[in-house]
Amino acid sequence: MHNAALRRLGIDAVYLALPVNPARLEEVVGALEAVGCGGLNVTLPHKRAAAGLARRRSALAERLGAVNTLVPLAEGGWYGTNTDVEGFLAPLESWSSGGSALVLGCGGSALAVVAGLAERRAGRVQVAARRADRLGAFLATCRPWGVPLEGLEWRGEGTDEPLAGALAEADLVVHTTPVGMAAADDPAATERSPLTTAQLARLRQGCIVYDLIYTPRPTALLRQAAERGCRTVDGLEMLVRQGAASLRLWSGREDVPVGAMREAALAALAAPAHRSAGGP
């Protein structure tokens, strides 16, 4: 999608994927600076480590402790920021501030989600996770952001748990775990939903269900939510919009062709090679 945008903009550059051993991240980032790389995206598992390599960081990157975008500085080194929040919020223009949100999972993606909900001034945010220790650390990180926050135990069975009540009250549910992602070595993964049938039955009609996964399309969660009368959003638009935000920073151009990026991403997802691989 980046290369499609670069061609449309007439920029003489190419976007490449570079697998990097975590132990050599600093070396690779330094080498890319030395050869005049015009900008980097950083994805898992490097986002936190990359934040430490940035000479300067945005306020948002400081809050999250993670960067997904590095921009070369004129004086040398990198400026680190995070465009995941902008990408997450892009499909939620109709979701009003003051609403109630439920976030499933407490990993790195969930941090960007809660930061976005804080920016949108959510009235209430509940975070459900299976591991109490990780949830406690997550909530401690997010509480200074000024959003009303509550942690919930997620046992994954039955309806007699706090999660069931949260599902019934939420007008936005965001799934941030990898459950249901396409997997070439496990085709059954595409039929797995993070919510049980009983839990799905608690969703209100008109509730927005947002799955950060974008392969397969739709995920089992979104298909089941749509059958309940919910509005559904997958993670493809988040992917496109965070990429477009990064490209604006690297190029200094405001006319980044989001439509061309979306079309290229959709074409890549539809390609046989992608379907056999089962992931982006």
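The numbers here are math on the coordinates, done by the rules we state, and not lab data. Since the structure is predicted, the reported quantities are computational estimates derived from the model, not experimental observations. Ideal geometry is used to build each Cβ from the backbone, glycine not excepted, and the neighbour counts take in all protein chains shown.
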Discussion item. Among 117-130, 53-66, how do they line up by average Cβ neighbours within 10 Å per residue, starting with the highest?
Written reply: 117-130, 53-66
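With an 8 Å cut-off on Cα pairs and a minimum separation of 6 or more residues, tell me the relative contact order of the chain in percent. Spell out each step's value before the answer.
Values: 504 pairs, mean separation 48.5, N = 280.
Once normalised by length, the contact order is 17 percent.
Assign unit charges at the C-beta atoms only (+1 for Lys and Arg, -1 for Asp and Glu), then state the dipole size of the chain relative to its Cα centre in Debye, rounded to the nearest 20. Could the numbers behind the result be given before it?
Working: 29 positive and 28 negative charges, 40 e Å.
With only Lys, Arg, Asp and Glu charged at Cβ, the dipole is about 200 debye.
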Fill in: In Hz, Karplus ³J(HN,Hα) per residue of region 204-216 (6.51, -1.76, 1.60; θ = phi - 60°; x = Gly, Pro)
7, 4, x, 4, 8, 10, 10, 9, 5, 6, 10, 9, x
Fill in: Reduced Cα scattering model of region 86-234, Debye log10 I(q)/I(0), q = 0.11 Å⁻¹
-0.37
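222 nm [θ] for the chain, helices only, -39500 (n - 2.57) per DSSP H run of 4+, per residue, to 500? Don't skip to the end; give the middle numbers.
Values: 13 runs with 115 residues, N = 280.
Result for the chain: -11500 deg cm²/dmol, rounded to the nearest 500.
Calculated FRET efficiency, L73 and R134, Cβ-Cβ r, R0 41 Å, to nearest 0.05?
0.75
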Worksheet entry | Dipole of region 1-62, positive end: most advanced residue of N41, V28, V14 [Cβ charges, Cα centre] | N41
Practice prompt. Indicate the gyration tensor shape class of region 168-238 (rounded, prolate or oblate), computed on the Cα atoms with a ≥ b ≥ c the square roots of the eigenvalues: a/c under 1.5 is rounded; otherwise a/b larger than b/c is prolate and the rest oblate.
Written response: prolate
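How big, on average over all directions, is the shadow cast by the Cα convex hull of the chain, in nm²? If you can, show how the numbers build up before the last one.
On the way: hull surface 60.2 nm².
About 15.1 nm², averaged over all directions.
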Worksheet item: Order of 99-112, 81-94 by packing, highest average Cβ count within 10 Å first?
Response: 99-112, 81-94
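Show me 170-180, 226-236, 24-34 ranked by packing, highest mean number of other Cβ atoms within 10 Å first. Each step should come with its number before you reach the end.
On the way: 170-180: 22.7, 226-236: 17.6, 24-34: 14.2.
Going from most to least packed, we get 170-180, 226-236, 24-34.
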